[in-house]
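These notes concern the structure reproduced below.
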Amino acid sequence: MLKINFIVYSQPMLWNKIEQIKDLLSRKRQIVIVSHRNPDGDAYGSSLGLYHFLKKKGHTVNFVTPNDSPDFLKWMPGVKEILIFEENQAAATEVLQRAEIIFALDFNALNRVGNEMQAVLEKIDPVYVLIDHHPDPDDFADFSFVDVKICSTSQMIYQLIAALGELDLLDKEMASCLYAGILTDTGSFRFPNTSGDTHRIAAHFLELGIEHTKIYGLIYENSFDRLKLLGKAINNLVYLKDYRTAYITLSNHELNKFNYQKGDTEGLVNYALSLTDVIFAAIFIEDKQQGIIKISFRSKGNFNVNELSRAHFNGGGHVNAAGGRSEKQLNETVAGFLGILPKYKDLLMQGHE
Ligand code: 5GP
Ligand code: MN
(Lines give C-alpha, C1' and ligand atoms only; values in the text may rest on other atoms or scores of the structure.)
(Ligands and ions follow the chains in the order given, each with its own letter.)
Protein backbone atom coordinates (compact mmCIF):
# COMPACT_ATOMS: atom_id res chain seq x y z
CA MET A 1 0.00 0.00 0.00
CA LEU A 2 1.17 3.52 -0.76
CA LYS A 3 2.68 5.09 2.31
CA ILE A 4 2.20 8.81 2.73
CA ASN A 5 4.91 10.36 4.83
CA PHE A 6 4.79 14.05 4.06
CA ILE A 7 4.48 16.25 7.09
CA VAL A 8 1.22 18.03 7.67
CA TYR A 9 1.59 20.90 10.04
CA SER A 10 -0.16 24.16 9.39
CA GLN A 11 1.13 25.42 12.74
CA PRO A 12 4.30 23.69 13.93
CA MET A 13 4.46 26.12 16.89
CA LEU A 14 1.12 24.85 18.11
CA TRP A 15 2.77 21.58 19.15
CA ASN A 16 5.79 23.12 20.87
CA LYS A 17 4.94 21.36 24.13
CA ILE A 18 4.82 17.97 22.44
CA GLU A 19 7.90 16.71 24.33
CA GLN A 20 6.01 17.10 27.61
CA ILE A 21 3.08 15.14 26.18
CA LYS A 22 5.51 12.44 25.03
CA ASP A 23 6.88 12.28 28.57
CA LEU A 24 3.38 12.07 30.03
CA LEU A 25 2.57 9.16 27.74
CA SER A 26 5.91 7.42 28.17
CA ARG A 27 4.46 4.97 30.68
CA LYS A 28 1.08 3.24 30.96
CA ARG A 29 -1.52 5.68 32.24
CA GLN A 30 -5.15 5.86 33.32
CA ILE A 31 -6.57 8.22 30.73
CA VAL A 32 -10.05 9.64 30.26
CA ILE A 33 -11.19 11.53 27.20
CA VAL A 34 -14.08 13.95 27.67
CA SER A 35 -16.00 16.02 25.17
CA HIS A 36 -18.90 18.46 25.18
CA ARG A 37 -22.61 18.00 25.85
CA ASN A 38 -24.71 17.08 22.83
CA PRO A 39 -21.74 15.49 21.08
CA ASP A 40 -21.44 16.15 17.36
CA GLY A 41 -19.44 14.39 14.64
CA ASP A 42 -16.21 16.13 15.60
CA ALA A 43 -16.62 15.49 19.34
CA TYR A 44 -17.15 11.78 18.68
CA GLY A 45 -14.67 11.52 15.81
CA SER A 46 -11.78 13.22 17.60
CA SER A 47 -12.44 11.45 20.92
CA LEU A 48 -12.83 7.97 19.45
CA GLY A 49 -9.86 8.50 17.12
CA LEU A 50 -7.69 9.41 20.10
CA TYR A 51 -9.27 6.61 22.17
CA HIS A 52 -8.16 3.94 19.70
CA PHE A 53 -4.71 5.50 19.38
CA LEU A 54 -4.07 5.63 23.14
CA LYS A 55 -5.38 2.09 23.62
CA LYS A 56 -3.07 0.85 20.91
CA LYS A 57 -0.22 2.48 22.86
CA GLY A 58 -1.19 0.34 25.85
CA HIS A 59 -2.90 2.89 28.10
CA THR A 60 -6.11 2.28 30.00
CA VAL A 61 -8.56 4.59 28.27
CA ASN A 62 -12.18 5.60 28.77
CA PHE A 63 -14.27 8.08 26.84
CA VAL A 64 -16.87 9.85 28.98
CA THR A 65 -19.50 11.92 27.23
CA PRO A 66 -22.01 14.09 29.16
CA ASN A 67 -25.06 12.79 27.29
CA ASP A 68 -26.02 10.55 24.39
CA SER A 69 -25.40 11.28 20.70
CA PRO A 70 -27.70 11.23 17.69
CA ASP A 71 -28.06 7.82 16.02
CA PHE A 72 -26.14 8.89 12.92
CA LEU A 73 -22.89 8.77 14.92
CA LYS A 74 -23.47 5.35 16.44
CA TRP A 75 -21.71 3.39 13.70
CA MET A 76 -18.30 4.62 14.84
CA PRO A 77 -15.90 1.95 16.07
CA GLY A 78 -15.72 2.11 19.88
CA VAL A 79 -19.16 3.67 20.37
CA LYS A 80 -20.32 0.78 22.54
CA GLU A 81 -17.55 1.41 25.06
CA ILE A 82 -18.49 5.06 25.66
CA LEU A 83 -19.54 5.90 29.22
CA ILE A 84 -22.51 8.26 29.10
CA PHE A 85 -22.38 10.38 32.25
CA GLU A 86 -26.09 11.18 32.30
CA GLU A 87 -27.02 7.50 32.07
CA ASN A 88 -24.33 5.99 34.28
CA GLN A 89 -23.25 8.67 36.69
CA ALA A 90 -21.64 6.40 39.31
CA ALA A 91 -19.40 4.52 36.89
CA ALA A 92 -18.50 7.67 34.94
CA THR A 93 -17.63 9.55 38.14
CA GLU A 94 -15.44 6.70 39.35
CA VAL A 95 -13.54 6.56 36.08
CA LEU A 96 -13.03 10.34 36.14
CA GLN A 97 -11.77 10.20 39.72
CA ARG A 98 -9.20 7.54 38.78
CA ALA A 99 -7.87 9.49 35.79
CA GLU A 100 -4.24 10.56 35.78
CA ILE A 101 -4.68 12.43 32.53
CA ILE A 102 -7.85 13.93 31.04
CA PHE A 103 -7.91 14.88 27.39
CA ALA A 104 -10.61 17.54 26.90
CA LEU A 105 -11.57 17.61 23.26
CA ASP A 106 -13.57 20.01 21.08
CA PHE A 107 -14.70 22.45 23.77
CA ASN A 108 -13.28 25.58 25.32
CA ALA A 109 -14.99 25.96 28.71
CA LEU A 110 -15.77 23.41 31.41
CA ASN A 111 -19.43 24.43 31.53
CA ARG A 112 -19.84 22.88 28.05
CA VAL A 113 -20.04 19.45 29.74
CA GLY A 114 -23.17 20.39 31.72
CA ASN A 115 -23.53 21.24 35.43
CA GLU A 116 -23.31 17.78 36.98
CA MET A 117 -20.29 16.54 35.07
CA GLN A 118 -18.61 19.94 35.53
CA ALA A 119 -19.01 19.57 39.31
CA VAL A 120 -17.13 16.24 39.16
CA LEU A 121 -14.37 17.66 36.94
CA GLU A 122 -13.85 20.59 39.30
CA LYS A 123 -13.26 18.27 42.26
CA ILE A 124 -10.50 16.17 40.71
CA ASP A 125 -6.92 17.03 39.88
CA PRO A 126 -5.63 15.12 36.87
CA VAL A 127 -3.32 16.58 34.22
CA TYR A 128 -5.68 18.30 31.77
CA VAL A 129 -4.74 18.38 28.09
CA LEU A 130 -7.07 20.57 26.04
CA ILE A 131 -7.20 20.12 22.27
CA ASP A 132 -9.69 22.39 20.55
CA HIS A 133 -10.39 24.79 17.72
CA HIS A 134 -12.88 27.17 19.40
CA PRO A 135 -11.84 30.74 20.20
CA ASP A 136 -11.13 32.13 23.70
CA PRO A 137 -10.55 28.96 25.73
CA ASP A 138 -10.94 29.17 29.49
CA ASP A 139 -7.74 28.67 31.44
CA PHE A 140 -8.40 25.27 33.02
CA ALA A 141 -5.90 22.99 31.30
CA ASP A 142 -2.27 22.19 32.10
CA PHE A 143 -1.55 21.90 28.37
CA SER A 144 -3.67 23.77 25.84
CA PHE A 145 -3.39 23.11 22.14
CA VAL A 146 -5.84 25.51 20.55
CA ASP A 147 -5.94 26.72 16.98
CA VAL A 148 -9.08 28.39 15.64
CA LYS A 149 -7.84 28.11 12.07
CA ILE A 150 -7.92 24.32 12.05
CA CYS A 151 -11.23 22.98 10.74
CA SER A 152 -11.82 20.36 13.39
CA THR A 153 -10.49 18.80 16.55
CA SER A 154 -10.27 15.56 14.56
CA GLN A 155 -7.69 17.15 12.26
CA MET A 156 -5.80 18.28 15.37
CA ILE A 157 -5.73 14.70 16.69
CA TYR A 158 -4.13 13.61 13.42
CA GLN A 159 -1.58 16.40 13.82
CA LEU A 160 -0.98 15.41 17.44
CA ILE A 161 -0.24 11.84 16.37
CA ALA A 162 2.04 13.21 13.63
CA ALA A 163 3.82 15.47 16.12
CA LEU A 164 4.34 12.46 18.41
CA GLY A 165 5.96 10.72 15.44
CA GLU A 166 3.43 7.89 15.64
CA LEU A 167 1.58 8.06 12.32
CA ASP A 168 2.64 4.45 11.75
CA LEU A 169 0.09 3.45 14.40
CA LEU A 170 -2.78 5.02 12.48
CA ASP A 171 -5.23 2.41 11.19
CA LYS A 172 -8.54 2.22 9.38
CA GLU A 173 -10.51 2.34 12.63
CA MET A 174 -8.93 5.56 13.89
CA ALA A 175 -8.97 7.05 10.40
CA SER A 176 -12.71 6.38 10.00
CA CYS A 177 -13.47 8.26 13.24
CA LEU A 178 -11.21 11.19 12.44
CA TYR A 179 -12.52 11.39 8.87
CA ALA A 180 -16.10 11.60 10.18
CA GLY A 181 -15.14 14.52 12.44
CA ILE A 182 -13.46 16.36 9.59
CA LEU A 183 -16.37 15.65 7.25
CA THR A 184 -19.00 17.05 9.62
CA ASP A 185 -17.05 20.12 10.81
CA THR A 186 -16.12 21.17 7.26
CA GLY A 187 -19.62 20.63 5.83
CA SER A 188 -18.12 17.90 3.65
CA PHE A 189 -14.97 19.88 2.79
CA ARG A 190 -16.84 23.01 1.68
CA PHE A 191 -16.48 25.52 4.54
CA PRO A 192 -13.61 28.04 4.44
CA ASN A 193 -11.90 26.21 7.31
CA THR A 194 -10.97 23.43 4.85
CA SER A 195 -7.25 23.66 4.07
CA GLY A 196 -4.66 21.86 2.01
CA ASP A 197 -3.73 19.95 5.17
CA THR A 198 -7.35 18.87 5.54
CA HIS A 199 -7.32 17.32 2.09
CA ARG A 200 -3.84 15.80 2.54
CA ILE A 201 -4.97 14.19 5.78
CA ALA A 202 -8.16 12.91 4.13
CA ALA A 203 -5.98 11.48 1.35
CA HIS A 204 -3.98 9.58 3.96
CA PHE A 205 -7.22 8.22 5.45
CA LEU A 206 -8.31 6.99 2.02
CA GLU A 207 -4.95 5.25 1.60
CA LEU A 208 -5.60 3.51 4.92
CA GLY A 209 -8.74 2.04 3.41
CA ILE A 210 -11.56 4.06 4.96
CA GLU A 211 -14.89 3.59 3.22
CA HIS A 212 -15.68 7.24 2.56
CA THR A 213 -18.83 6.66 0.49
CA LYS A 214 -20.26 4.44 3.19
CA ILE A 215 -19.33 6.91 5.94
CA TYR A 216 -21.03 9.75 4.07
CA GLY A 217 -24.21 7.67 3.78
CA LEU A 218 -24.16 6.65 7.44
CA ILE A 219 -23.99 10.30 8.48
CA TYR A 220 -26.17 12.05 5.93
CA GLU A 221 -28.83 9.64 4.68
CA ASN A 222 -32.33 10.64 5.83
CA SER A 223 -35.27 8.82 7.31
CA PHE A 224 -38.61 9.60 5.63
CA ASP A 225 -39.71 11.57 8.71
CA ARG A 226 -36.50 13.57 8.77
CA LEU A 227 -36.88 14.52 5.12
CA LYS A 228 -40.48 15.63 5.73
CA LEU A 229 -39.25 17.67 8.72
CA LEU A 230 -36.79 19.36 6.36
CA GLY A 231 -39.78 20.22 4.15
CA LYS A 232 -41.52 21.77 7.14
CA ALA A 233 -38.40 23.72 8.13
CA ILE A 234 -38.05 25.16 4.64
CA ASN A 235 -41.74 26.01 4.64
CA ASN A 236 -41.16 28.00 7.85
CA LEU A 237 -38.15 29.86 6.43
CA VAL A 238 -38.28 33.65 6.77
CA TYR A 239 -36.08 35.86 4.59
CA LEU A 240 -35.25 39.37 5.86
CA LYS A 241 -33.78 40.88 2.72
CA ASP A 242 -32.99 44.21 4.41
CA TYR A 243 -30.75 42.45 6.91
CA ARG A 244 -29.30 39.77 4.60
CA THR A 245 -30.67 37.38 7.21
CA ALA A 246 -32.84 34.26 7.11
CA TYR A 247 -34.21 32.16 9.92
CA ILE A 248 -36.19 28.99 10.54
CA THR A 249 -38.40 28.04 13.48
CA LEU A 250 -39.52 24.58 14.55
CA SER A 251 -42.05 24.22 17.34
CA ASN A 252 -42.34 21.23 19.61
CA HIS A 253 -45.65 20.39 17.94
CA GLU A 254 -44.01 20.38 14.50
CA LEU A 255 -41.14 18.20 15.73
CA ASN A 256 -43.57 15.68 17.22
CA LYS A 257 -45.58 15.57 14.02
CA PHE A 258 -42.52 14.23 12.21
CA ASN A 259 -41.53 11.86 15.01
CA TYR A 260 -38.43 13.89 15.90
CA GLN A 261 -35.32 11.92 16.81
CA LYS A 262 -32.16 13.42 18.26
CA GLY A 263 -30.04 14.73 15.38
CA ASP A 264 -32.91 15.29 12.96
CA THR A 265 -32.47 19.07 13.06
CA GLU A 266 -28.70 18.90 12.48
CA GLY A 267 -27.68 20.99 9.47
CA LEU A 268 -31.12 22.48 8.79
CA VAL A 269 -29.80 25.98 9.51
CA ASN A 270 -27.51 25.65 6.50
CA TYR A 271 -30.53 25.75 4.18
CA ALA A 272 -31.27 29.26 5.45
CA LEU A 273 -27.63 30.23 4.92
CA SER A 274 -27.65 28.79 1.40
CA LEU A 275 -29.84 31.66 0.16
CA THR A 276 -27.94 33.92 -2.21
CA ASP A 277 -27.26 37.27 -0.51
CA VAL A 278 -27.93 35.90 2.98
CA ILE A 279 -24.88 36.14 5.24
CA PHE A 280 -26.55 35.44 8.59
CA ALA A 281 -28.84 32.50 9.38
CA ALA A 282 -30.50 31.17 12.50
CA ILE A 283 -32.71 28.27 13.53
CA PHE A 284 -34.88 28.31 16.67
CA ILE A 285 -35.91 24.89 17.92
CA GLU A 286 -38.34 24.44 20.77
CA ASP A 287 -37.07 21.90 23.32
CA LYS A 288 -40.02 21.25 25.66
CA GLN A 289 -38.05 18.69 27.67
CA GLN A 290 -35.33 21.15 28.68
CA GLY A 291 -37.76 24.08 28.66
CA ILE A 292 -35.55 26.08 26.33
CA ILE A 293 -35.28 27.24 22.75
CA LYS A 294 -32.10 25.78 21.24
CA ILE A 295 -30.59 28.17 18.72
CA SER A 296 -28.00 27.66 16.00
CA PHE A 297 -26.38 30.56 14.18
CA ARG A 298 -24.37 30.42 10.97
CA SER A 299 -22.75 33.15 8.90
CA LYS A 300 -20.67 33.76 5.82
CA GLY A 301 -17.53 35.94 5.78
CA ASN A 302 -16.65 38.18 8.70
CA PHE A 303 -20.02 38.48 10.44
CA ASN A 304 -19.22 37.08 13.90
CA VAL A 305 -21.97 34.84 15.30
CA ASN A 306 -19.78 33.76 18.24
CA GLU A 307 -19.88 37.33 19.58
CA LEU A 308 -23.57 37.77 18.82
CA SER A 309 -24.49 34.55 20.59
CA ARG A 310 -22.31 35.33 23.62
CA ALA A 311 -23.83 38.82 23.88
CA HIS A 312 -27.51 37.88 23.54
CA PHE A 313 -28.15 34.14 23.65
CA ASN A 314 -26.03 32.64 26.39
CA GLY A 315 -23.88 30.72 23.95
CA GLY A 316 -20.85 30.91 21.71
CA GLY A 317 -18.86 28.95 19.16
CA HIS A 318 -16.88 30.08 16.12
CA VAL A 319 -17.01 33.19 13.92
CA ASN A 320 -19.20 31.39 11.38
CA ALA A 321 -21.00 28.78 13.54
CA ALA A 322 -22.32 29.19 17.04
CA GLY A 323 -25.00 27.84 19.32
CA GLY A 324 -27.12 29.53 21.94
CA ARG A 325 -30.26 29.18 24.02
CA SER A 326 -33.20 31.13 25.32
CA GLU A 327 -35.48 30.47 28.26
CA LYS A 328 -38.34 32.46 26.72
CA GLN A 329 -41.14 31.09 24.57
CA LEU A 330 -40.46 30.47 20.88
CA ASN A 331 -42.33 33.55 19.63
CA GLU A 332 -40.78 35.81 22.27
CA THR A 333 -37.31 34.48 21.44
CA VAL A 334 -37.84 35.26 17.76
CA ALA A 335 -39.20 38.70 18.68
CA GLY A 336 -36.05 39.31 20.74
CA PHE A 337 -33.91 38.22 17.81
CA LEU A 338 -35.73 40.58 15.46
CA GLY A 339 -35.26 43.31 18.08
CA ILE A 340 -31.46 43.08 18.06
CA LEU A 341 -31.06 42.94 14.26
CA PRO A 342 -31.17 46.77 13.74
CA LYS A 343 -28.07 46.99 15.95
CA TYR A 344 -26.24 44.72 13.52
CA LYS A 345 -27.66 46.23 10.34
CA ASP A 346 -24.48 48.11 9.36
CA LEU A 347 -22.29 45.05 9.91
CA LEU A 348 -24.74 42.87 7.99
CA MET A 349 -24.89 45.24 5.04
CA GLN A 350 -21.07 45.64 5.01
CA GLY A 351 -20.35 41.96 5.58
CA HIS A 352 -18.76 40.23 2.66
CA GLU A 353 -18.21 36.65 1.64
P1 5GP B 1 -24.48 24.10 16.87
O2 5GP B 1 -25.25 25.24 16.28
O3 5GP B 1 -24.17 23.08 15.82
O4 5GP B 1 -25.10 23.57 18.12
O5 5GP B 1 -23.11 24.71 17.34
C6 5GP B 1 -22.25 25.39 16.46
C7 5GP B 1 -20.89 25.58 17.10
O8 5GP B 1 -21.00 26.37 18.27
C9 5GP B 1 -20.24 24.28 17.55
O10 5GP B 1 -18.86 24.41 17.28
C11 5GP B 1 -20.46 24.21 19.02
O12 5GP B 1 -19.43 23.55 19.65
C13 5GP B 1 -20.54 25.67 19.42
N14 5GP B 1 -21.54 25.87 20.48
C15 5GP B 1 -22.82 25.46 20.46
N16 5GP B 1 -23.48 25.82 21.57
C17 5GP B 1 -22.58 26.50 22.33
C18 5GP B 1 -22.64 27.12 23.62
O19 5GP B 1 -23.66 27.16 24.30
N20 5GP B 1 -21.48 27.72 24.06
C21 5GP B 1 -20.34 27.72 23.34
N22 5GP B 1 -19.26 28.34 23.86
N23 5GP B 1 -20.25 27.14 22.14
C24 5GP B 1 -21.34 26.53 21.62
MN1 MN C 1 -15.36 20.78 16.34
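The values are calculated or read from the model by the stated rules, or taken from the named source; none is laboratory data. All values derive from a computational prediction rather than experimental measurement. Virtual Cβ from ideal backbone geometry, glycine too; neighbours counted across all protein chains shown. We work out accessible area using only protein heavy atoms, side chains counted, and drop any ligands, DNA or RNA first. Shrake-Rupley method; radii C 1.70, N 1.55, O 1.52, S 1.80 Å.
What to note about this one:
- Cross-link pairs beyond the 24 Å C-alpha cut-off, checked among 228/343; 232/294; 214/300; 56/80; 56/172: 228/343; 214/300
- log10 of Debye I(q)/I(0), alpha-carbon scatterers only, for the chain at 0.10, 0.11, 0.13 Å⁻¹: -0.62, -0.75, -1.05
- Take the Cα of residue 234, step 7 Å toward its Cβ, do the same at residue 91, and the gap between the two points is 4.2 nm.
- The stretch between residue 203 and residue 276 holds 23.1 nm of extra length on full extension. This uses 0.36 nm per residue minus the Cα-Cα distance.
- J(HN,Hα) series, the range 18-35, from Karplus relation 6.51 cos²θ - 1.76 cosθ + 1.60, nearest Hz, glycine and proline x: 5, 4, 5, 5, 4, 4, 3, 8, 6, 10, 4, 10, 8, 10, 10, 9, 10, 9
- Computed from Cα positions, the angle between helix 330-350 and the longest principal axis of the chain comes to roughly 80 degrees.
- Based on DSSP H segments of at least four residues, each scored -39500 (n - 2.57), the chain has a per-residue ellipticity at 222 nm of -12000 deg cm²/dmol.
- Candidates 182, 311, 46 compared by Cα position along the dipole of the chain: farthest toward the positive end lies 182, with charges placed on Cβ.
- Separation between Cα centres of the range 17-87 and the range 296-329, rounded to whole Å: 27 Å
- Per residue solvent-accessible surface (Å²) - the chain, probe of 1.4 Å: 46 Å²
- Anchor residue 345: aspartates and glutamates whose Cα lies under 18 Å away (excluding residues fewer than 8 positions away in-chain): 242, 277, 307, 353
- Classification of the range 29-173 by its C-alpha gyration tensor yields a rounded form. The axis ratio a/c (a ≥ b ≥ c) stays under 1.5.
- The long axis of helix 153-163 is offset from the longest Cα principal axis of the chain by roughly 20 degrees.
- Tensor-based shape of the range 263-305 (alpha-carbon gyration tensor, a/c under 1.5 rounded, otherwise prolate or oblate): prolate
- The long axis of helix 41-56 is offset from the longest Cα principal axis of the chain by roughly 10 degrees.
- Using a probe radius of 1.4 angstrom, the carbon and sulfur fraction of the accessible surface of the chain is 48%.
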